[in-house]
Amino acid sequence: MSAPVLAHLRTEFDRGLCHRFLYYMLMMRELEERIELKLYRQGKVVGGCYTGRGQEAIPVGSAVLSQPGDWLTPSHRDMAALLIRGITPREILAQYMGRATGLTKGRDGNMHMGCAERHCVPIISSIGASIPVAGGLALAMRYRGESNIVFNYSGDGASSRGDWHEGLNMAAVMDLPIVYLCNNNLFAYSTPLDKQMNVCDIVDRVAGYGIPAEIVDGNDVLAVYEASKRAVEHARSGKGPYFIECKTFRMSGHSAHDPADYVPNSLREEWSRKDPILMLQKYMVEELGADERDFVNVRKQVLSEIEEAVDWALEQPFPDPSTLEDDVYESI
Amino acid sequence: MSKTTYVEAIRQGIWEEMERDESVFVMGEDVAVYGGAFKITKGMLERFGEMRVIDTPLSESAIVGAGTGAAINGLRPVLEMQFADFMACGFDQITNFAAKCRYRWQQAIPMVIRAPGGGNIHGGPFHSQNVEMPYVHTPGLKVVQPATAYDAKGLIKAAIRDNDPVIFLEHKYLYRSVKEELPTEDYTVPLSKAKTQREGEDLSIITYGWMVHVALEAAERLAGEGISIEVLDLRTLAPLDRRSILETCKKTSKAILLHEDTLTGGLGGEVAGIIAEHAFDYLDGPLLRITAPDTPVPFSETLEKAFLPNADEIVKKARWLYRF
Ligand SMILES: Cc1ncc(C[n+]2csc(CCOP(=O)(O)OP(=O)(O)O)c2C)c(N)n1
């Protein structure tokens, strides 16, 4: 069983860029595996534990196009977007372990992290709520006459929330500079698409708001990248929002506790043949003359960084209970 | 006879009401095929079919709105919010529409909104909150939170039979941590009736939810020092059982108001107001509130532990009040 060939064979995808893709996709994959399959099972990570296994191409193919002044609102399946913004495996692990040096200082857990300096809004757990928030970020950019844009990430499930519809509509009528990346992974928790909506594609919902939208293979990082480039250009040049629906599949349960018995095996098998990392590697071998040894080296580097970060995170202090009431108000 | 958990008690209660009354149905995210995030509705799809066990899109506002419409049109919806925290997404529908129907046009809304809340499960700021107060503050809504498996079953059944909208708050930590033998025959527990969970003479702890168990633990320890504590479990938070609150205060003359919810605007303040207005002459000491501090619910173990009220704190403050 071999990975299908990537859709876009362009010389532009040179080795450097592809290596960057590979590094971040592998880092996300391996870091999440470490967290979910080891640290969580060992009780070093507690609480909810969500991964984006199989969906790595979406944050990677898009967030690499973000400029320092742009803002991102990643979802719980977009760890690589944080990595690309410079958030380190150390910070991510400390967050997952509830340590004082994590990005929320232990006040929130798992992927519920962000960072103001690096312009990543911490996940708003109320699904769909980030869509109107992205509108506000974009509004401020426009207000100040910046050419910055917002990258908003959400899932298919979010498109059933009123907030999603209200937020999209507002962005459309205000021509706000937002690139929406929707990961349509066919399930919202246990609920399959046909129980979520009576259309097959999320873009059919978007159409009602007059926002240009396209569908891409969300497991093909080059396709995500190309579509994102179009979208970014559109948004940056003042033409308003742009919507990309990335067809993909969640190669895990909803979270670590969920065996996902409701997913038919055939579906899982079908999508396991489309692993985004293997697809990229195949492209790199066939089109760029890359060597299996290159991949081994990237993986080695990723694993050693993770190793170092885990050791570091395990040494980090838990928050001091005396800090419990800090930061609720600026001052009283 | 085997013991029934809190989670199973609620499941049985809904199940029995669905057997008893065909107008009762359940609806929410992941409730049918998956059986609900906490498995409250497990097996119901197989037994009652997809007309009565309905998976919805991820749309809290639509769930509540559709539930209210169904209630107007003769059904008795039992809605599930996956987490109490996200009930806020349906807040407008609940407080501005469902709660006001009877007042505005004498329309009954026999609807239950079940919402798992509470902390001590490493849920962090979005999956641990005690969200009762905005709903307690909304006239037209009833708000219930059982502390035991017996009450969980009896109260969910009473809530389903009630003709007003009921916010039924379940405590996630209690789901599988408390259990007891339940009667085999049909029973309900009346709404708006508090229950004395432990009789005592010296001091009353007025509380609800998980904190009932923490209060009982503290009471047991204090009994060893010769301090006799009465624990009143409110069970229904709105409308409150004022009579039981006043009776216990008149009996012991001292009261601690305990809740897992944060301090400011918490139910303790309201209960204190009732006591101050109607039992002031009986009091032999100040009313004390023991609550979580005014912060979001933190995730990390050390912080969450510091956030949640605990038996040590109760013991300390009760000793002080006893000697007052
Ligand atoms: C408003 C709200 N309701 C329910 C939940 C619980 N919940 C968390 S993720 C999720 C499914 C989300 O599905 P989707 O948007 O497709 O994203 P995916 O997890 O598939 O990436 C649910 C129901 C929530 N976080 N927010």
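Taking the stretch A:188-215 only, how many residues are within 14 Å of chain B (Cβ to nearest Cβ), open to solvent by less than 30 Å² (accessible area, probe 1.4 Å) and of a type in the set (A, V, I, L, M)?
At the first step, the residues of the stretch A:188-215 found to be within 14 Å of chain B (Cβ to nearest Cβ) are A:188-199, A:202, A:205.
Next, only the ones that are open to solvent by less than 30 Å² (accessible area, probe 1.4 Å) stay: A:188-191, A:193, A:196-197, A:202.
Adding the requirement that they be of a type in the set (A, V, I, L, M) leaves A:188, A:193, A:197, A:202.
Result for the stretch A:188-215: 4.
Sort through A:218, A:240, A:253 and tell me the only one that's under 21 Å from residue A:164 (Cα atoms), within 20 Å of the chain's Cα centre (by Cα) and crowded, with 16+ Cβ neighbours inside 10 Å. Even if it seems obvious, please write down each step before you answer.
On the way: A:240 fails: within 20 Å of the chain's Cα centre (by Cα); A:253 fails: under 21 Å from residue A:164 (Cα atoms).
Exactly one of A:218, A:240, A:253 is under 21 Å from residue A:164 (Cα atoms), within 20 Å of the chain's Cα centre (by Cα) and crowded, with 16+ Cβ neighbours inside 10 Å, namely A:218.
Sort through B:256, B:290 and tell me the only one that's touching a Pro at 6+ places or on another chain (Cβ under 6 Å), away from every other protein chain (no Cβ under 14 Å) and either free of Cβ contacts under 8 Å to residues at least 60 places away in the same chain or not in a helix (DSSP H, G or I) (or both). It would help to see each step written out before you state the result.
Numbers: B:256 fails: touching a Pro at 6+ places or on another chain (Cβ under 6 Å).
Residue meeting the stated conditions: B:290.
Could you go through the stretch B:131-146 and let me know if any residue there is at pLDDT 95 or above, open to solvent by 20 Å² or more (accessible area, probe 1.4 Å), within 14 Å of chain A (Cβ to nearest Cβ) and under 15 Å from the mean Cα position of the chain (by Cα).
Checked the stretch B:131-146: at least one residue is at pLDDT 95 or above, open to solvent by 20 Å² or more (accessible area, probe 1.4 Å), within 14 Å of chain A (Cβ to nearest Cβ) and under 15 Å from the mean Cα position of the chain (by Cα).
Pairs only if they're at least six apart or on different chains, beta carbon under 9 angstrom, first in the stretch A:12-24 and closer than 15 Å to residue A:84 by Cβ and assigned to a helix (DSSP H, G or I), second modelled with pLDDT under 85 and not acidic (Asp, Glu); list them, first residue then second.
A:21/A:13
I'm trying to understand the selection: among the residues of the stretch B:65-82, which are within 16 Å of the ligand (Cβ to nearest atom) and either touching a Ser or Thr at 6+ places or on another chain (Cβ under 8 Å) or within 14 Å of chain A (Cβ to nearest Cβ) (or both)?
Taking the stretch B:65-82 first, the residues within 16 Å of the ligand (Cβ to nearest atom) are B:65-67, B:79-82.
B:65, B:66, B:80, B:81, B:82, listed by residue number.
May I ask you to verify whether residue B:109 is at pLDDT below 95 and over 25 Å from residue B:241 (Cα atoms)? Explain how you work it out, then say what you get.
On the way: at pLDDT below 95: yes; over 25 Å from residue B:241 (Cα atoms): no.
Against the criterion (at pLDDT below 95 and over 25 Å from residue B:241 (Cα atoms)), residue B:109 does not qualify.
Can you confirm whether the stretch A:315-323 contains a residue that is over 30 Å from residue B:264 (Cβ atoms), assigned to a helix (DSSP H, G or I) and open to solvent by 60 Å² or more (accessible area, probe 1.4 Å)?
Within the stretch A:315-323 (the criterion being over 30 Å from residue B:264 (Cβ atoms), assigned to a helix (DSSP H, G or I) and open to solvent by 60 Å² or more (accessible area, probe 1.4 Å)), the answer is yes, since at least one residue qualifies.
What's the number of the only condition in (1) in contact with a helix residue (DSSP H, G or I) (Cβ under 9 Å, 6 or more places away or on another chain); (2) away from chain B (no Cβ under 14 Å) that residue A:272 fails to meet?
It fails just one condition, (1).
Any idea which residue in the stretch A:41-64 is nearest to the ligand (Cβ to nearest atom), counting only those that are at negative phi and open to solvent by 30 Å² or more (accessible area, probe 1.4 Å)?
First, pick out the residues of the stretch A:41-64 that are at negative phi: A:41-42, A:44-46, A:48-53, A:55-64.
If we keep only those that are open to solvent by 30 Å² or more (accessible area, probe 1.4 Å) too, we end up with A:41-42, A:44, A:46, A:50, A:53.
Numbers: A:41: 21, A:42: 24, A:44: 23, A:46: 18, A:50: 7, A:53: 11 Å.
Among those that are at negative phi and open to solvent by 30 Å² or more (accessible area, probe 1.4 Å), it is A:50.
Which ones in the stretch A:137-164 are part of a helix (DSSP H, G or I), open to solvent by 40 Å² or more (accessible area, probe 1.4 Å) and without any contact (Cβ under 8 Å) to a residue 24 or more places away in the chain?
Here is the first cut: in the stretch A:137-164, the ones part of a helix (DSSP H, G or I) are A:137-143, A:157-160, A:162-164.
Now drop any that are not open to solvent by 40 Å² or more (accessible area, probe 1.4 Å), which leaves A:139, A:142-143, A:163.
The one that is part of a helix (DSSP H, G or I), open to solvent by 40 Å² or more (accessible area, probe 1.4 Å) and without any contact (Cβ under 8 Å) to a residue 24 or more places away in the chain: A:143.
Pairs please, first residue from the stretch B:157-178 and free of Cβ contacts under 8 Å to residues at least 60 places away in the same chain, second anywhere and crowded, with 24+ Cβ neighbours inside 10 Å and assigned to a helix (DSSP H, G or I), Cβ atoms under 8 Å, 6+ apart in sequence or on different chains.
Final answer for the pair search is B:166/B:159; B:168/B:155; B:168/B:156; B:168/B:159.
Considering only residues that are within 13 Å of the ligand (Cβ to nearest atom) and either among the hydrophobic types (A, V, I, L, M, F, W, C) or open to solvent by 20 Å² or more (accessible area, probe 1.4 Å) (or both), look in the stretch A:65-80 and name the one that is farthest from residue A:18 (Cα to Cα).
Within the stretch A:65-80, the match that is farthest from residue A:18 (Cα to Cα) is A:76.
Quick check: is even one residue across the stretch B:6-27 within 26 Å of residue A:159 (Cβ to Cβ), open to solvent by less than 40 Å² (accessible area, probe 1.4 Å) and touching a Gly at 6+ places or on another chain (Cβ under 9 Å)? It would help to see each step written out before you state the result.
If we filter the stretch B:6-27 for residues that are within 26 Å of residue A:159 (Cβ to Cβ), which is where we start, we get B:25-27.
Checking the rest, the ones that are also open to solvent by less than 40 Å² (accessible area, probe 1.4 Å) come to B:25-27.
So of that shortlist, the ones also touching a Gly at 6+ places or on another chain (Cβ under 9 Å) come out as B:26-27.
Within the stretch B:6-27, one or more residues are within 26 Å of residue A:159 (Cβ to Cβ), open to solvent by less than 40 Å² (accessible area, probe 1.4 Å) and touching a Gly at 6+ places or on another chain (Cβ under 9 Å).
State all residues of the stretch B:37-59 that are under 21 Å from residue A:160 (Cβ atoms), crowded, with 17+ Cβ neighbours inside 10 Å and over 19 Å from the mean Cα position of the chain (by Cα); if no residue qualifies, say none.
B:45, B:53, B:54, B:55, B:56, B:57, B:58, B:59
Considering only the stretch A:114-163, state which residues are more than 30 Å from residue A:94 (Cβ to Cβ) and within 9 Å of the ligand (Cβ to nearest atom).
A:156, A:159, A:160, A:161, A:163
For the list (1) assigned to a loop (DSSP other than H, G, I, E, B); (2) within 14 Å of chain A (Cβ to nearest Cβ), I need the number of the one condition that residue B:22 fails.
(2)
Among the residues of the stretch A:100-113, write down those that are open to solvent by less than 20 Å² (accessible area, probe 1.4 Å) and either farther than 21 Å from residue A:155 by Cβ or more than 14 Å from the ligand (Cβ to nearest atom) (or both). Working first, answer last.
At the first step, the residues of the stretch A:100-113 found to be open to solvent by less than 20 Å² (accessible area, probe 1.4 Å) are A:102, A:106, A:108-113.
Residues satisfying the conditions are A:102, A:106, A:113.
Anything in the stretch B:178-207 that is of a type outside the set (Val, Ile, Thr), in contact with a helix residue (DSSP H, G or I) (Cβ under 8 Å, 6 or more places away or on another chain) and more than 20 Å from residue B:1 (Cβ to Cβ)? List them, or say none.
Passing the criteria: B:190, B:191, B:193, B:194, B:195, B:197, B:198, B:200, B:201, B:202, B:203, B:204.
Report yes if some residue within the stretch B:189-196 is at pLDDT 95 or above, outside the structural domain of residue B:63 (by TED's automatic domain parsing) and open to solvent by less than 10 Å² (accessible area, probe 1.4 Å); otherwise report no.
Among the residues of the stretch B:189-196, at least one is at pLDDT 95 or above, outside the structural domain of residue B:63 (by TED's automatic domain parsing) and open to solvent by less than 10 Å² (accessible area, probe 1.4 Å), which makes the answer yes.
Within the stretch A:73-89, does at least one residue satisfy the condition of being in a helix (DSSP H, G or I) and in contact with a Cys (Cβ under 9 Å, 6 or more places away or on another chain)? Reasoning before the result, please.
Quick first cut of the stretch A:73-89, residues in a helix (DSSP H, G or I) only: A:79-84, A:89.
From what is left, the residues that are in contact with a Cys (Cβ under 9 Å, 6 or more places away or on another chain) are A:81-82.
Within the stretch A:73-89, one or more residues are in a helix (DSSP H, G or I) and in contact with a Cys (Cβ under 9 Å, 6 or more places away or on another chain).
The values are calculated or read from the model by the stated rules, or taken from the named source; none is laboratory data. Remember, predicted model here, so these are calculated numbers, not experimental data. Backbone-built Cβ (ideal geometry, glycine too); neighbour counts: all protein chains shown. Areas reflect the complete protein model, heavy atoms only, side chains present, ligands, DNA and RNA absent. Shrake-Rupley method; radii C 1.70, N 1.55, O 1.52, S 1.80 Å.
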